[in-house]
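The structure under discussion appears below in the form of structure tokens.
What follows draws every value from the coordinates through simple rules; no lab data is involved. All values reported here derive from a predicted model rather than from experimental measurement. In this analysis, Cβ positions are derived from the backbone assuming ideal geometry, glycine residues included, and neighbour counts consider all displayed protein chains.
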Amino acid sequence: MPLFFPQEDASDVRRRYKPDVIKGDMDSIRREVLEFYASLGTEIVDKSHDQDTTDLHKCVTYIRDSASGLDKSNLCILVVGALGGRFDHEMGNLNVICRFSYMRIVLLSNDSLIHLLPRTYCHEIHIQTSVEGPHCGLIPIGTPSKSSTTTGLQWDLNNTAMEFGGLVSTSNIVKEEKVTVQSDCDLLWTISIKKL
Amino acid sequence: MDLMHHSSTFLLPTIPLHHRPSLTYALVVLNQTLPRFAPLLWKHAQLRLCADGGANRVFDEMPLLFPEEDASDVRRRYKPDVINGDMDSIRKEVLDFYRSLLCILVAGALGGRYDHEMGNLNVLYCFSSLRIVLLSDDSLIYLLPRTHHHEIHIQTSVEGPHCGLIPIGVPSRSSTTTGLQWNLNNTEMRFGGLISSSNIVVGEKVTVQSDTDLLWTISIKKL
């Protein structure tokens, strides 16, 4: 965070950008970092005994079950740092958004954002053209899709089958400010983030 | 007018070091009986190409020029860099043999735009009969096709211990492994359920068998 505000004092920036919660198995966080935030009042939830779930999984369950003072009626969880790095971590993080398919969780990198479109809904995606697009894709990550239909894309799907090993919608282009998607399986929606 | 030099040094057992002009040889093998000095030409060439049925000639006839040696060893030693042409003469067994020796290493397929990354992963599934390895700074990934049992020999000086087996695209009803901290035993895997990530390689050999194509990924050590 201090690197984003090079003219400011690093300590001031760190105090301003103080996490509410640090949660996980605690095998990566440096000791000095943990002590710094603990002294500022950040809640530390040590789940090092739970090796069956990823750190992201633990945070999502914390937000879903424990976080008080948060209006959860229309919750959207934004995640940074889930992509790039170790590939098995990245896949583990994708799996978290597939497992929690009833929650809005958006994975963000410098280049792209990803979220799930659960099969139980028709979807309308309102494109924020000042900050995202036009490159996009629809990915049948877990199961083949026998039928997907879209509007608003350069190459729309029309009851089209998609599967790994066959057709997967990548390098598509958003053509309109509203994209609609309907499918018989959960699809990952991904769109590029504009370099500003 | 300039002078041009010629010399058939490519027929000599060794090309003299300071011989001029210093030429780079490429060898093209067409579909006729190999000359008896073909291994010599092969040795001098930096690039060896077979035009279609020329690959049949290398496959069939190189071992005949080394009758005391095992044919497989000779074929591996005299492996063309390129097989080019309309492929209507090359025999299927010959094409399959040379394909099986090929491993395509890919840098730059991961990170960056996510739809690109997914498109690149899909290429592994579309070409499941070819060995293709995607590499980043942190990890390598390749497909384990469901048609085979797999033995993965871990190069512990450069890779591991973090690894994963990912059922992308289709759920797996049954996968079995050995050599991992958390082995699978006829275990089901699917996105939205269990996938094997943050696993650990224990030892130097991992075996995998599954009813679906799985992606194998292992971390690359920071050196």
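What the table below lists for this structure:
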| read-out | value |
| --- | --- |
| Per-peptide average of other Cβ atoms within 10 Å, ordering B:20-27, B:212-219 highest first | B:212-219, B:20-27 |
| Reach of B:K222 by Cα under 17 Å, taken over aspartates and glutamates that are not fewer than 8 positions away in the same chain | A:D88, B:D137, B:D138, B:E159 |
| Estimated inter-spin distance, A:D9 and A:S48, nm [label 7 Å along Cα→Cβ] | 3.3 |
| Among beta bridges that DSSP assigns inside chain B, antiparallel share in %, nearest 5 | 70 |
| Cβ-placed point charges (K, R +1; D, E -1), dipole of the protein assembly as shown about Cα centre in debye, nearest 20 | 360 |
| Ranked B:C163, B:C103, criterion: other C-beta atoms within 10 Å, fewest first | B:C103, B:C163 |
| Approximate spin-label separation B:N186-B:K92, in nm, with each point projected 7 Å along Cα-to-Cβ | 3.5 |
| Backbone N within the stretch B:42-81 under 17 Å of label point (7 Å from B:L11 Cα along the Cβ vector) | B:42-45 |
| By average C-beta atoms within 10 angstrom, highest first, the peptides A:138-151, B:130-143 | A:138-151, B:130-143 |
| Cβ-based charge dipole, the stretch A:1-51, positive-most Cα from A:A38, A:Y17, A:Q7 | A:Q7 |
| Sorted by Cβ neighbour density within 10 Å, fewest at the top, the residues A:I29, A:I193 | A:I29, A:I193 |
| Between helix B:54-65 and chain B: long-axis angle, C-alpha atoms, 0 to 90°, nearest 10 | 70 |
| Degrees separating the helix B:114-126 axis from the principal Cα axis of chain B, which is the longest one | 70 |
| Of B:T217, B:G108, B:S172, farthest towards positive along the dipole that unit charges on Lys, Arg, Asp, Glu beta carbons give the stretch B:103-220 | B:S172 |
| Lys, Arg +1 and Asp, Glu -1 on Cβ, resulting dipole of chain B about Cα centre, debye, nearest 20 | 240 |
| Candidates A:L40, A:L107, A:L83, ranked by Gaussian network fluctuation over chain A, Cα under 10 Å, top entry | A:L40 |
| Most to least packed among A:5-16, B:189-200 [average Cβ atoms within 10 Å] | B:189-200, A:5-16 |
| Positive-pole candidate from B:V208, B:S139, B:V158, dipole of the stretch B:114-223, charges at beta carbon | B:V208 |
| Shielding of B:197-208 by partner chains, average beta-carbon count, 10 Å | 2 |
| Angle in degrees between helix A:55-65 and the longest Cα principal axis of chain A, rounded to the nearest 10 | 90 |
| Stretchable slack from B:D211 to B:L223, in nm (0.36 nm times residue separation minus alpha-carbon distance) | 0.7 nm |
